[in-house]
Amino acid sequence: MQIIKKINRELEFNYNISEITSICMDIDYKVNNNRILGILNLEGDYVSSNFEDTREDFDKKIDFSIDLDENIDLNTVKVEIDDFTYSIDQNKLLINVDLSLSYEFILFDEKKEFDKFIESREIDANKIEEDREEESKDLESVEEIKEEANDIEEIREEKIEKTEEIEETHKGLDEDKRKIEDSIIDMASNFEDEFITYHIYIVNDVDTLEGIAEKYHISIDIIKEYNSVENLKSGMKLVIPICDE
């Protein structure tokens, strides 16, 4: 299962912003119980309308949390930056982030749950039979046993119905939504496992492949492989893999 979660934040700067000259974002998160707690790390530099001849560095943190359903397998949860955009309002930077959230559901094991229920009730068929014989088929005891058996059957049927509902839900999932819509992220995921964090870098007029490679301490070939690019254009978004050292 894959869905898009939108994060919108307003970040305040010390000076009015004339132009964002470079910007990149990465993500850190952890899954705690049924909640995702994360931080979006935003850094770069900008030209202030107060000091047009100099660039100011910035480093901003955006906290976020996402609640998860109880029937989600937490070991399969994965969060990635799908895309982000920004706009400028005087000394404020308005950030809009699309997070790609993927996960799988826990398959309900009806037989296992039913067995657990039987064990929790500690039903001893032999003891029930002995009680019935000792009490000379006491009708009241028999009715109690029947009521308990009916309760068990009702619970079993409820669990079967729930299992069937979940199976129907799984069948109805749109297979196309399982595919990663962003081809750039799709290509990046096929490379070596040592790259576990990705920057999304927006190219400006003065950027070169050599300059970007030097800034992130990677080779030009890796940038070309991840982005299928030979020449840079202003406004282009590049996936920059960061080696987990």
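Rule-based calculations on the coordinates, nothing more; no lab input. Keep in mind it's a predicted model, so treat the numbers as computed, not measured. Heads up, the Cβs are rebuilt from the backbone with ideal geometry, glycines too, and the neighbour counts pull from every protein chain shown.
Starting from 0.36 nm per residue, how many nanometres of slack lie between ASP28 and LEU94 once their C-alpha separation is accounted for?
Full extension of this stretch gives 21.7 nm more.
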Of all trypsin sites (Lys or Arg not before Pro) in the stretch 1-106, the ones in DSSP coil with at most 13 other Cβ atoms within 10 Å are none
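Report, please, the projected area of the stretch 1-106 averaged over directions, based on the convex hull of its C-alpha atoms, in nm².
Computing the convex hull of the Cα atoms and averaging its projections yields 6.5 nm².
So, R0 is 25 Å and r is the distance between the beta-carbons of GLU165 and ILE3; what FRET efficiency does that work out to, to 0.05?
After rounding to 0.05, the efficiency reads 0.80.
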So, over other residues within a Cβ distance under 10 Å of LEU99, counting Lys, Arg +1 and Asp, Glu -1, the net charge is -2
Distance in nm between ILE155 and GLU19 label points, each 7 Å along Cα→Cβ, equals 7.0 nm
Note: probe point = Cα of LEU68 + 7 Å toward Cβ; backbone nitrogen < 19 Å; residues of the stretch 27-50 passing the test are 27-40
Counting Lys and Arg as +1 and Asp and Glu as -1 over every other residue whose Cβ sits under 15 Å from the Cβ of GLU10, the net charge comes to +2
A chain fully extended from ASP131 to GLU10 at 0.36 nm per residue, minus the present Cα-Cα distance, gains in nm 36.4 nm
Long-range amide H partners of ASN16, meaning residues 5 or more apart or on another chain whose placed amide H is closer than 5 Å, are SER49, ASN50
